[in-house]
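The values are calculated or read from the model by the stated rules, or taken from the named source; none is laboratory data. Remember, predicted model here, so these are calculated numbers, not experimental data. Positions of Cβ are generated from backbone atoms using ideal geometry, with glycine treated the same way; all protein chains shown enter the neighbour counts. Side chains included, ligands, DNA and RNA excluded: accessible areas come from the protein's heavy atoms. Shrake-Rupley method; radii C 1.70, N 1.55, O 1.52, S 1.80 Å.
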Amino acid sequence: MEGVCPIDQRFASEISALVTPPSPLQVQEYFDELLSTRQCCSMKVKQNGEFGKCVYAESNFTEGQLVLKDQFQQSSNKIDCLVCSFCFRFIGYIELQIGRKLYLQELGVSKGCCGTDSFDEEEDSFVENGDSSNPCASSSANDRVSLLREMVESLMNGGLQLSYSYKFSLPPAIPCPGGCGEAYYCNKLCAEADWEMFDSLLCTGERSESLSKEALLEFIKHANETNDIFLLAAKAISFTILRYRKLKATQLGKKDKTPNVSRCTDLSLLFEAWKPISMGHKRRWWDCIALPVDVKSFDEAAFRRQIKALAFTSLQLLKAAIFDKECEPLFSLNIYGHLIGMFELNNLDLVVASPVEDYFLYIDDLPYPQKDRDDQATIIALKPICKGEEVVYLDNL
Ligand SMILES: [Zn+2]
Ligand SMILES: [Zn+2]
């Protein structure tokens, strides 16, 4: 695989400069400036030779107070809940959150997230053993499945309203302005910010500014089937390209943000656009990835070659989708490997406070008589249940 990427050869010195870690002074200046421009004076980033960068509180935080917001999210936790694609707030309404989660659970996470699709389109995948053409399937199992479908569908389309859900109102889900039907936002500002920073190149909708929607869909499919860390790397590349175009447009003193192949790369602007990414600790993915337990140590070299080849395939798909001649060094395998390695090494878990959980806690805490009187049973019989029969219920929300 060595030397397989021609961009790496052509831009060797630029790429080496891009992946060289900034000096401790540059890092300190960058984070001090970042925190001051975001008027975040209650935190400070300090460097420690042994542990890297650490965040320290400069004032007290009360429980529940916002500490910081992040902008990169992997799709596996997006599937768990419907949140704003930019700020991660829960959006929609309680019934939609519950219905969507049930729907996706039955569908299997690998099917992707398409919260508003009708069951009819995915009929085969929703049911494990409810195939009506199967003469062996019991009619009660089929009844149960169709009742479940109905219930989940009416939760998602607003037909079924759960008691007290009005106490946990959420901002309405605003669809992505690109028309992809994948990303949703809590308000217009979040939608616009995401569009400008990441999504205009990576959106699969009608207004997408990618070179080829088909290529983009293929890239996303490959990532979902292999490793969704590629989606984060694509987001980082898209972010840098869009930032570069914006910086260039500002420098040229006009608003034209469309790439012009006849213009040559302005390296200083590319470095400036890359600056936020340059601050992240990185190593090449295939060098730093931990060896899975089922890979024997003598297979290590072959395993790392495989990982590198996988990244190369993903990169070619991404290149077909969003390539920008002026930002060509970003499409080198070395850069892609470092970006993926950065996400691998800085693996953060993001936990979003869930109003759905709060809702269930609220219902659980209601006194029993009230639950009964208000028809508050959280277990609904979907078919007649005989004495002594097992009651199968959905409790895994
Ligand atoms: Zn938002
Ligand atoms: Zn979109």
Review point. Dipole of segment 141-207, Cα-centred, from +1 at each Lys and Arg C-beta and -1 at each Asp and Glu C-beta, to the nearest 20 debye?
Key: 300 debye
Study note, to complete from the structure: Carbon and sulfur atoms account, in whole percent of the 1.4 Å probe accessible area of segment 132-248, for 52 percent
Practice item. Restrict the search to segment 179-215; then list the GluC sites (Glu not before Pro) that DSSP places in a loop and that have at most 14 other Cβ atoms within 10 Å of their Cβ. Key: Glu206
Check your understanding: By how many nm would the segment from Gln65 to Ala320 lengthen if fully extended, with 0.36 nm per residue of separation less the alpha-carbon distance?
Key -> 87.5 nm
Study note, to complete from the structure: Going through Lys248/Lys282; Lys101/Lys325; Lys44/Lys275; Lys296/Lys325 one by one, the pairs whose alpha carbons sit over 30 Å apart turn out to be Lys101/Lys325; Lys296/Lys325
